[in-house]
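All of the numbers you see were taken from the coordinates with simple rules; none came from a lab. A quick note: this is a predicted structure, and the numbers were derived from the prediction, not measured. Ideal geometry is used to build each Cβ from the backbone, glycine not excepted, and the neighbour counts take in all protein chains shown.
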Amino acid sequence: MSADRLSNMSKEVKPESVSLCPLGTAAAPEQELLCIFGTGDFGRSLGQRLLQTGYKIVYGSRRPHSCAPLPQGAQVTSHAAAAQSATLVFVCIHREHYDFLETLAPQLKGKKVLVDVSNNLKKDLYPEANAEYLQRLIPGAHVVKAFNTLSAWGLQNGPSDASRQVYLCGNSAEAKQGVATVATKLGFTVLDRGSLSAARELEDFPLQLFPEWRLPLRLAIGLTAFFFFYVVMRDVVYTYVGQGKDISFRIMVSMANKVFPIVSLIMLSLCYLPGVIAAFLQLYRGTKYKRFPDWLDRWMLCRKQLGLLALGFAFLHVLYTLIIPIRHYVRFKIAASTISKFKANQTMELDNTLAWRTDSYFSVGILGFGLYVLLGITSLPSVSNALSWREFSFIQSKLGYLTLFFCTFHTYLYGWNKFLSPSYYKWYTPPAYMLCLVVPTVVIVLKLLILLPCVDRSLTRIRRGWERTDPEDDSKNLLLT
Ligand code: NAP
């Protein structure tokens, strides 16, 4: 935070003269006094917001006479005097400097509430959470972990910005209630995460860097790199080796437009594969009460990110397809073919089958993309929150499988009868789009198997709590059906 943004008209208060009711302020008796240790970025931002909300603020500082400019109306004094004057103390100091707080134990004991806002630079830097360490230093106070997931900048902007939630935890319900009241008055939504043992989890929270995007991103990069290499080898290198022709210019558009839909289709099918695997696992185990393996859990948790990345690749495919008619190479080929036919005085008959095939190919692709966009839109929290669970699962599951079907069919139409022609298997390798059809085809076939009435019935029973291993329940269920 820039110091200029805060007024330097802060009031400095001598340790012995901290006044809870400064003269001349009419509303003074109703204003609650809160204490902030530390006049750094976070302490200043928090103080400014608290003052705007109607609280009085006294800062505890090592250098009350020479600290940085503080928000207008705030007082500043020594730590000991500030601690004595308020029951709620925000500790806006880095954990490395907590040691000195031990000397303040007499002033901080009793009903004092210490709010630990600290974060660390790395996970597992210390054996215990910062808040637990603070509690150990001052056992007589009630430590509450809170506000650490906000930034100094976010605090200045208030809850109108993305940071709307204040997570808190602590062992004293009364102390947590006091902190929650302050956070609510500041306009934040409070989420109680339980006792102080949850502090480490809260401290790790700001250190996370898109954890649920990591696997989908790695997968997208890996698939893109692999298929780019595969396509370049089969098209550019093969043509150069076999015919001595350089068609490397096709890398920029033609090959990119081969790779993007391939990656998109594989990633879309990977969104639905874990659900199908989970269904077969439940059928095999005959119960839904056994935990899925960790890898399957992790995979299921990143399906939304997989789907959004898949949609991104589909968008690229659409954009690249739209520019095909304006490409120099395409215009050159059309002109060359027309001129050669003209010179040879040849005419062309409309190939009805080809017309049907290309129209169906485009139409199915457009339908698939339309549904794809719908899936993406409904995964946005603001939209999904407006849907009932049934509506959401109808779109994401039923329409999702329909999207997968359309996109897979679109690719089959692209291949048409090339699957049977040996000339397409350059260096005995199948074209890339044939490779990409493997996973979606497997997913669709497995899903169709699950939809068979006998399989569907067993799966529904399992998902309603029936267990194959429990003979007593089994006989009861049989009697009931
Ligand atoms: P900062 O700008 O470095 O301020 C820390 C303050 O601690 C200093 O201004 C100083 O205040 C005091 N201090 C420094 N050394 C000290 C020592 N040896 N003994 C006692 N007090 C000392 O840091 P900050 O960004 O405000 O962060 C403060 C706390 O908030 C940290 O625990 C941080 O993890 C947490 N936090 C910060 C942010 C953020 O966006 N900045 C976000 C979430 C959580 P005096 O000179 O007045 O004594």
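Around the amide H of V143, modelled in the peptide plane, lie the amide H atoms of L114, N171, all under 5 Å away and 5 or more residues distant in sequence or on another chain. Taking the Cα centre of region 212-467 as origin and assigning +1 to Lys and Arg Cβ atoms and -1 to Asp and Glu Cβ atoms, the resulting dipole is close to 340 debye. Computed over the chain, the range of Cα coordinates on each principal axis works out to 105, 72, 41 Å, biggest value leading.
To the nearest 0.05, how large is the calculated FRET efficiency for D351 and R327 if R₀ is 30 Å and r is the Cβ-Cβ distance? Given R0 = 30 Å and the Cβ-Cβ separation, E is 0.80. For the chain, the longest principal axis of the alpha carbon atoms and the long axis of helix 453-463 meet at an angle near 10°.
Less than 5 angstrom separates the built amide H of L191 from those of V166, Y167, L168, all sequence-distant by 5 or more or on a different chain. Distance from the alpha carbon centroid of region 351-429 to that of region 34-96 works out to 59 angstrom.
As a length-normalised measure over Cα pairs under 8 Å and 6 or more apart, the relative contact order of the chain settles at 11 percent. If R0 equals 22 Å, the separation of the Cβ atoms of S382 and Q208 corresponds to a calculated FRET efficiency of about 0.50.
Farthest toward the positive end of the dipole of region 293-347, out of I334, V318, Q346, is the Cα of Q346, where the dipole comes from beta carbon charges about the Cα centre.
Once both labels are positioned 7 Å from their Cα atoms along Cα-to-Cβ, the gap between A152 and L451 label points is 5.8 nm. What residue among L125, S85, A173 has its Cα farthest toward the positive end of the dipole of region 58-192, where the charges are +1 on Lys, Arg and -1 on Asp, Glu, each on the Cβ? After comparing all options, I get S85. Protection proxy ranking, highest mean first, for peptides 366-372, 244-250: 366-372, 244-250, where packing is the per-residue count of other beta-carbon atoms within 10 Å, averaged. Simple point charges give the picture: +1 on the Cβ of Lys and Arg, -1 on the Cβ of Asp and Glu, and for the chain a dipole about the Cα centre of about 1280 debye. Placing dummy labels 7 Å off each Cα toward the beta-carbon, the span from Y240 to R218 is 3.2 nm.
In which sequence would R357, R63 go, from the one with the fewest C-beta neighbours within 10 Å to the one with the most? Spell out each step's value before the answer.
Values: R357 15, R63 10.
With the fewest neighbours first, R357, R63 line up as R63, R357.
Among L322, L125, what is the fewest-to-most ranking by other Cβ atoms within 10 Å? Before the final figure, lay out the partial values.
Numbers: L322 9, L125 12.
The most exposed by this proxy come first: L322, L125.
Work out how much length Q31 to S363 would gain on full extension: take 0.36 nm times their residue separation and subtract the Cα-Cα distance, in nm to one decimal. Mind dumping the intermediate values first?
Values: separation 332, 0.36 × 332 = 119.52 nm, distance 6.72 nm.
Extra length from Q31 to S363 when fully extended: 112.8 nm.
Please tell me which of these pairs span more than 32 angstrom C-alpha to C-alpha: K343/K426; K145/K290; K258/K343; K122/K304; K333/K418? Write down the numbers at each step before the final one.
On the way: K343/K426 34 Å; K145/K290 35 Å; K258/K343 34 Å; K122/K304 28 Å; K333/K418 22 Å.
In this structure, K343/K426; K145/K290; K258/K343 lie more than 32 Å apart at Cα.
Annotation: the residues K343, K112, K333, sorted from fewest to most other C-beta atoms within 10 Å of their own C-beta, follow the order K343, K333, K112.
Under the shape rule built on the C-alpha gyration tensor, where the axes satisfy a ≥ b ≥ c, region 44-92 is oblate, since a/c reaches at least 1.5 while a/b does not exceed b/c.
Only DSSP H runs of four or more residues enter the estimate; each adds -39500 (n - 2.57), and after division by the residues of the chain the mean residue ellipticity at 222 nm equals -16000 deg cm²/dmol.
Other residues within the sphere of radius under 15 Å centred on the Cβ of L435, judged by their own Cβ, net out at +3 (K and R +1, D and E -1).
Count Lys and Arg as plus one, Asp and Glu as minus one, and take only other residues whose Cβ is under 11 Å from that of S384; the net charge is then 0. A simple spin-label model places pseudo-atoms 7 Å from Cα toward Cβ; at I247 and L121 they are separated by 5.5 nm. Placing a label point 7 Å from the Cα of R461 along the Cα-to-Cβ direction, the residues of region 270-310 whose backbone N falls under 18 Å from that point are 279-290.
For L283 and V373, the FRET efficiency from 1/(1 + (r/R0)^6), where r spans their Cβ atoms and R0 equals 25 Å, is about 0.15. Projecting the Cα atoms of S382, F392, S363 onto the charge dipole of region 340-481 (Cβ charges, centred on the Cα centre) puts S363 farthest toward the positive pole.
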